[in-house]
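Worksheet: one structure, shown below.
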Amino acid sequence: MSIKIAKFGGTSLATAQQFRKVAEILLSDNERIIVVPSAPGKRFDGDIKVTDMLIECYGMAITGDDFKKKIDDITQRFNDIKNELGIKVDIDSEMKTISEDMRNGASEAYVKSRGEFLSGKMLSALLGWKFVDPATVIVFKNSTTLDSVATYQNIKSECKDQKTVLPGYFGADGDGEIVTFSRGGSDITGALAAAAMDADVYENWTDVSGFYMADPRIVENVRHIEELSYEELRELSYMGAGVLHENAIFPVREKGIPINIKNTNKPQDEGTYIVPFSKLKKHELSITGVAGKRDFSIINIKKTSMNSELGFARRILSVLENHKISLEHMPTGIDTLSVVISNEFLKDKEDDVIRDIKKAINPDMIEIIPDLTLIATCGHGMVHHLGTAAKLFAALYENDINVRMIDQGSSELNIIVGIENDDYEKAVKAIYHQFVQ
Ligand code: ASP
């Protein structure tokens with residue numbers, strides 16, 4: 001029998017009706033042996049995710065504000081689902097414990113992990129599957145680093161005999177303190193469970209039928225992607241095609257386990273498969289997708305004969321490091337070097353950074369170009385199709401889009417251009433329609 005691990009996102013568990021769909025999906029296929037639930041997400045536009053409510057609650061506890069009303073709202077959300085499902089879970093006493101823990105100084109990680117915890121309790125009651133507390137199996141060495149060896153061993157021994165509900169998003173360190181992954185991190189838990197169990201497929205259930213070649217909010221009738229490689233997925237999700245947490249890829253990639261993005265509301269749709277490059281069917285198009293991310297700045301630096309000056313780049317990078325700025329890209333020319341930085345890192349530091357770079361390398365010219373969008377056009381097909389770059393730049397030129405930066409990594413998987421924020425949507429449409437007729 002093959003093994004499937006199924007992770008369900010917040011919108012898949014936002015209401016009792018969604019819980020029922022999840023149960024039906026799980027019970028319709030005996031190969032689904034572990035389910036990883038998120039906390040209930042938004043039920044409608046403008047609704048608040050349970051995780052955000054919990055974070056707000058924690059903020060109130062820290063500032064000494066009365067958080068009772070917030071706790072009541074969260075309790076109500078869980079009770080609404082529970083009552084409609086007719087399951088037995090003592091939400092009131094679970095929430096009472098959380099309130100008490102908060103009064104006694106519980107950590108933020110603990111508080112914000114409770115959405116997944118309770119979601120898991122309810123799903124376990126609905127399915128009659130074993131509940132495993134991630135605090136007992138997902139092991140962190142400290143507040144940021146996972147111990148994957150211990151985690152895999154624990155998941156294997158806890159989940160091997162019975163169908164299991166393993167809530168997403170958190171684990172605990174050696175002292176038993178709760179540690180969470182970054183937001184959207186239930187995807188990582190699902191990937192860890194899949195890797196631990198040597199699953200045949202990691203199903204990631206959400207509210208879309210997988211990936212599209214561009215953001216469907218920008219491009220009408222956009223083409224669906226049936227299959228892409230881990231590398232392509234990483235490029236696209238890094239650039240904001242946000243279906244899956246970008247760190248969820250690593251555990252499954254290591255073992256070559258395919259990820260299948262599926263839609264809880266349309267389970268009959270095939271979704272998108274993410275597979276190792278070696279198993280990828282040949283794409284008919286030269287590109288797989290186009291995605292963009294707003295709000296970057298470029299620092300352009302010019303210095304004649306910089307290439308012969310030893311330690312030139314290192315000195316620039318040290319300045320960034322001293323200011324705790326991580327850089328995204330570093331295109332270079334003969335006498336020029338640019339660094340692309342997310343605006344959030346540069347905020348309020350521009351003058352200090354420019355001053356320190358001037359001090360470090362004495363450039364002929366240095367300038368910051370703010371508010372740029374990066375657009376990545378990506379796909380393994382580029383290597384085999386002549387003229388991909390020509391087509392890309394023609395599309396931008398014909399649509400009056402000024403290119404401020406170009407970067408093509410060594411992988412030949414991706415061409416990134418920097419354009420004005422205002423041209424973002426126009427550029428995505430132009431590039432997409434250039435390649436897809
Ligand atoms: N509930 C968490 C969040 O909203 C984790 C997750 O859903 O994956 O970020």
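Would you mind getting the accessible area per residue of the range 148-243, heavy atoms of the protein chains only, 1.4 Å probe, in Å²?
Value returned for the range 148-243: 39 Å² of accessible area per residue.
Whole angstrom only: what separates the Cα centroid of the range 179-245 from the Cα centroid of the range 33-65?
What the calculation gives is 21 Å, centre to centre.
In deg cm²/dmol and to the nearest 500, what is the mean residue ellipticity at 222 nm of the chain if only DSSP H runs of at least 4 residues count, each as -39500 (n - 2.57), divided by the residue total?
-12000 deg cm²/dmol
Which whole-number percent is the relative contact order of the chain (Cα, under 8 Å, 6+ apart)?
13
Let a ≥ b ≥ c be the square roots of the eigenvalues of the Cα gyration tensor of the range 94-190; is it rounded (a/c under 1.5), or, if not, prolate (a/b larger than b/c) or oblate?
Judged from the Cα gyration tensor, the range 94-190 comes out oblate (a/c at least 1.5, b/c at or above a/b).
For a quick protection proxy, order the peptides 311-318, 107-114 by their average other-Cβ count within 10 Å, most packed first.
107-114, 311-318
Largest first and to the nearest Å, give the Cα extent of the chain along each principal axis.
Result for the chain: principal-axis Cα extents of 72, 53, 40 Å.
Would you mind calculating the gained length between Ser182 and Glu226 on full extension (0.36 nm times residue separation, minus the Cα-Cα distance), in nm to one decimal?
Full-extension gain reported as 13.1 nm.
Tell me, what % of the accessible area of the range 299-424 is carbon and sulfur with a 1.4 angstrom probe?
Using a 1.4 Å probe with all protein chains present, the range 299-424 comes out at 48 percent carbon and sulfur.
Ranking request for peptides 115-128, 256-269: highest mean number of other beta-carbon atoms within 10 Å first, then the rest in descending order.
Highest mean packing first, the order is 115-128, 256-269.
Under the definition of Cα pairs under 8 Å and six or more residues apart, what whole-number percent is the relative contact order of the range 171-317?
27
Over the chain, what is the percentage of antiparallel beta bridges among all DSSP beta bridges, to the nearest 5?
60
Any idea which of Ser410, His385, Ala395 is furthest toward the positive side of the dipole for the range 294-426, if Lys and Arg beta-carbons carry +1 and Asp and Glu beta-carbons -1?
Final value for the positive-end residue is Ser410.
Among 343-350, 223-230, 281-288, how do they line up from the highest to the lowest mean number of other beta-carbon atoms within 10 Å?
Ranking the peptides 343-350, 223-230, 281-288 by packing returns 223-230, 281-288, 343-350.
Would you work out which of Val22, Met197, Asn260 lies farthest towards the positive end of the dipole of the chain, given +1 charges on the beta-carbon of Lys and Arg and -1 on that of Asp and Glu, about the Cα centre?
Positive-most Cα among the choices belongs to Met197.
Of Ala376, Ser2, Ile55, whose Cα points farthest to the positive end of the dipole of the chain (charges on the beta-carbon: +1 Lys, Arg; -1 Asp, Glu; origin at the Cα centre)?
The Cα lying farthest towards the positive end belongs to Ser2.
The values are calculated or read from the model by the stated rules, or taken from the named source; none is laboratory data. Everything numeric here is computed off the predicted structure, so don't read it as measured data. For neighbour counting, all protein chains shown are included, and Cβ atoms are generated from backbone atoms with ideal geometry for every residue, glycine included. SASA here: full protein model, heavy atoms, side chains in, ligands and nucleic acids out. Shrake-Rupley method; radii C 1.70, N 1.55, O 1.52, S 1.80 Å.
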